[in-house]
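The values are calculated or read from the model by the stated rules, or taken from the named source; none is laboratory data. On a predicted model such as this, the values are computed, not experimentally measured, just so you know. Cβ placement follows ideal geometry from the backbone for every residue including glycine, while neighbour counts extend to all protein chains displayed. The accessibility values were calculated without ligands, DNA or RNA, using every heavy atom of the protein model including side chains. Shrake-Rupley method; radii C 1.70, N 1.55, O 1.52, S 1.80 Å.
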Amino acid sequence: MLSYDSPVSVNGQSSAASTIMSATRQNMASTPKTVRLPAPALSNGSLTNGAASSTNASLAKQHHIWLVTGPAGCGKSTVAKYLATCLHIPYIEGDEYHPQANIDKMSAGIPLTDADRWDWLTALREASIHELEQGHDGVVLTCSALKRKYRDVIRVAPYFTPNLHLHFIYLDASEEVLLQRVLARQNHYMGANMVHSQFDILEPPTKAEVDVIRVDVSRPADVVMAEALDNVLKTMDQVQGASAQK
Ligand SMILES: Nc1ncnc2c1ncn2[C@@H]1O[C@H](COP(=O)(O)OP(=O)(O)OP(=O)(O)O)[C@@H](O)[C@H]1O
Ligand SMILES: O=C(O)[C@H](O)[C@@H](O)[C@H](O)[C@H](O)CO
């Protein structure tokens, strides 16, 4: 089991990511697992600005929101559950935060509008912060976040919390691929007739959005999950390294 909080080294290696990634590659994502990450030497665990002294602020525990994003059927729930299990952090299913009116609309084959989505996006941002305030160091969130301005709503989260980092994991595949996956899926309110409407408004993240990790999800699920986890662990190492240098 891997936990952010347990300072147990594995194989004597210094980097959490390299250790976990090598273990993960051996298992190649066939079974969700939890992994153990070394804790920082000192941590205040605080999400607030003023709590850390200038001396230990640079060594403060880093917190992460991993937002798994992309159009209907791209594999958000599949990847998010895997990451949450491996990292031993909570998982928020964005679809569960839609008001009934939104679900009714989508079930009837009517795409949501910007106005339908604002409160939902804000609720997801607040729910993520709430999980971190409960003492978790990270949280995985699913949210289609199809447009840049939707992603920007979530980007407000770290504004006043310097040790909070938001990362998007954009699951990238063609409309044809996702149509096949949604067609094959049973008992979901989002019908295949809705896939085109998602691509109609999709604004794939640009290079300027440097907080985005892109994963090609046209490949099998086990490959996709392993690559997503690799990227997450590398990113955590980078963030920890950068904070230690401050
Ligand atoms: N890489 C993959 N290859 C093949 N099938 C996949 C892959 N990833 C997910 N699937 C399957 O595709 C379907 C959609 O996956 P999933 O529900 O995780 O997507 P989602 O983005 O959460 O969908 P939605 O936004 O509609 O809730 C599921 O049946 C899932 O098992
Ligand atoms: O913004 C949206 O239009 C919605 O979030 C949709 O993306 C669905 O909820 C999801 O894909 C479930 O199929």
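How high is the relative contact order of segment 126-246, in percent, counting Cα pairs under 8 Å that sit 6 or more residues apart? Could the numbers behind the result be given before it?
Details: 76 pairs, mean separation 32.1, N = 121.
That works out to 27 percent.
With a cut-off of 13 Å between beta carbons, the residues surrounding R155 carry a summed charge of +2, where Lys and Arg count +1 and Asp and Glu -1. Accessible-area rank, largest first, for F168, F160: F160, F168, with all protein chains present and a 1.4 angstrom probe. Between D119 and D211, the simple spin-label model (points 7 angstrom out along Cα→Cβ) gives 2.5 nm. By the rule of a C-alpha distance below 15 Å, with chain neighbours fewer than 8 residues away ignored, the aspartates and glutamates paired with K246 are D237. In order along segment 223-236, phi translates into HN-Hα couplings of 5, 4, 5, 5, 5, 4, 5, 3, 5, 5, 5, 5, 5, 4 Hz, rounded to whole numbers, per the Karplus curve 6.51 cos²θ - 1.76 cosθ + 1.60 with θ = phi - 60° and x for Gly and Pro.
Across segment 83-90, rounded Karplus estimates of 3J(HN,Hα) from the backbone phi angles (6.51 cos²θ - 1.76 cosθ + 1.60, θ = phi - 60°) give 4, 4, 5, 5, 8, 6, 10, x Hz, Gly and Pro being marked x.
For segment 63-223, a simple Cβ point-charge model (Lys and Arg +1, Asp and Glu -1, everything else neutral) yields a dipole of about 240 debye relative to the Cα centre. Taking all protein chains together, K207, K81 sort by accessible area into K207, K81, largest first [probe 1.4 Å].
Farthest towards the positive end of the charge dipole of segment 115-246, among the residues L229, G191, L146, is the Cα of L146, using unit charges on the Cβ of Lys, Arg, Asp and Glu. Place a point 7 Å from the Cα of Y189 along the Cα-to-Cβ direction; which residues of segment 81-109 have their backbone N under 13 Å from it? Once the point is set 7 Å along Cα→Cβ of Y189, 94-109 turn out to lie under 13 Å by backbone N, inside segment 81-109.
Binning all Cα-Cα separations of segment 63-223 at 5 Å, short to long from zero, yields these whole-percent fractions: 1, 9, 18, 23, 22, 15, 8, 3, 0.
Positive contributions from Lys and Arg (+1) and negative ones from Asp and Glu (-1), summed over other residues with Cβ under 13 Å from the Cβ of I92, come out at -2.
Close amide H partners of F168, meaning residues 5 or more places away or on another chain with modelled amide H under 5 Å apart, are L67, V212, I213. Were the residues from D200 through V156 laid out at 0.36 nm apart, the gain over their Cα-Cα distance would be 13.3 nm.
3J(HN,Hα) along segment 148-160: 4, 5, 5, 5, 5, 4, 6, 5, 5, 3, x, 3, 10 Hz, from the Karplus curve 6.51 cos²θ - 1.76 cosθ + 1.60 with θ = phi - 60°, whole Hz, x for Gly and Pro.
Amide H to amide H distances under 5 Å link Y91 with V140, where only residues 5 or more positions off or on other chains count and H is placed in the peptide plane. Once you reduce segment 59-138 and segment 176-246 to the center of their Cα atoms, the two points are 13 Å from each other.
Amide H contacts of H64: G138, V139, H165, each under 5 Å away and 5 or more positions distant or on a separate chain (H built 1.01 Å from N in the peptide plane; Pro and chain starts excluded).
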